[in-house]
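Note sheet for the following structure.
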């Protein structure tokens, strides 16, 4: 492996380590058992194996496919190796993380649980999001279509983003609920 191959992985692990508290041993153990760490290791391995000569790919591609399947089945994290991902990726929690292979994720981005960064649109408008550097995607957020998310953007919980966001934007969902009745959930005859 070359320095070019190791550098993004080192940045991913270093960032995860920095976001963990406690003694050195505790931080290393937390890093080692975190689903986000496992997903990043498999992603970077898959990206590395894609750049190998055809003969080596015969050996490494089946291994990547098995490891990727485990990450999807056990942790619910799907980030295809064709996705362009900058160094310093942080995945805080596991579960229902889906990223399109056509997406681009910048440096030092945070992905939370239950998010989608996916393809949408038709014709020339069809595509996947491009995220800038230092983007935070909160739990439940959906980013869809051929959109550009600027640098230093925060996307709030359960927000649905389908248009471009400029640098330094904070995008949130409007108030999360509206009272439509005061009758309660009891039927008339349950009195």
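The values are calculated or read from the model by the stated rules, or taken from the named source; none is laboratory data. Since we're looking at a predicted model, the values are computed, not measured. In this analysis, Cβ positions are derived from the backbone assuming ideal geometry, glycine residues included, and neighbour counts consider all displayed protein chains.
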Scope region 58-91; condition farther than 20 Å from residue 8 by Cβ and surrounded by fewer than 15 Cβ atoms within 10 Å (Cβ to Cβ); matching residues
58, 59, 62, 65, 66, 69, 70, 73, 74
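Could you check how many residues of region 5-17 are closer than 22 Å to residue 95 by Cα and either in contact with a strand residue (DSSP E or B) (Cβ under 8 Å, 6 or more places away or on another chain) or without any contact (Cβ under 8 Å) to a residue 12 or more places away in the chain (or both)?
3
This table checks each residue for (1) touching a strand residue (DSSP E or B) at 6+ places or on another chain (Cβ under 9 Å); (2) buried (at least 17 other Cβ atoms within 10 Å of the Cβ); (3) under 15 Å from residue 98 (Cα atoms); (4) modelled with pLDDT under 95.
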residue	(1), (2), (3), (4)
121	yes, no, no, yes
125	no, no, no, yes
137	yes, yes, yes, no
147	yes, yes, no, no
150	yes, yes, no, no
157	no, no, no, yes
Taking first residues from region 39-59 that are farther than 11 Å from residue 82 by Cα and second residues anywhere that are outside any helix (DSSP H, G or I) and at pLDDT below 95, the pairs with Cβ under 8 Å that are 6 or more apart or on different chains are 39/94
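Any idea which residue in region 108-128 is nearest to residue 17 (Cα to Cα), counting only those that are within 12 Å of the chain's Cα centre (by Cα) and assigned to a loop (DSSP other than H, G, I, E, B)? Working first, answer last.
Keep residues of region 108-128 that are within 12 Å of the chain's Cα centre (by Cα), which gives 108-118.
Pick out the ones that are also assigned to a loop (DSSP other than H, G, I, E, B) and you get 108-109, 112-114.
Details: 108: 13, 109: 15, 112: 17, 113: 19, 114: 23 Å.
Filtering first and then ranking leaves 108.
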Restricting attention to region 133-161, which residues are in contact (Cβ under 8 Å) with a residue 24 or more places away in the chain, on the phi > 0 side of the Ramachandran plot and more than 15 Å from the chain's Cα centre (by Cα)?
145
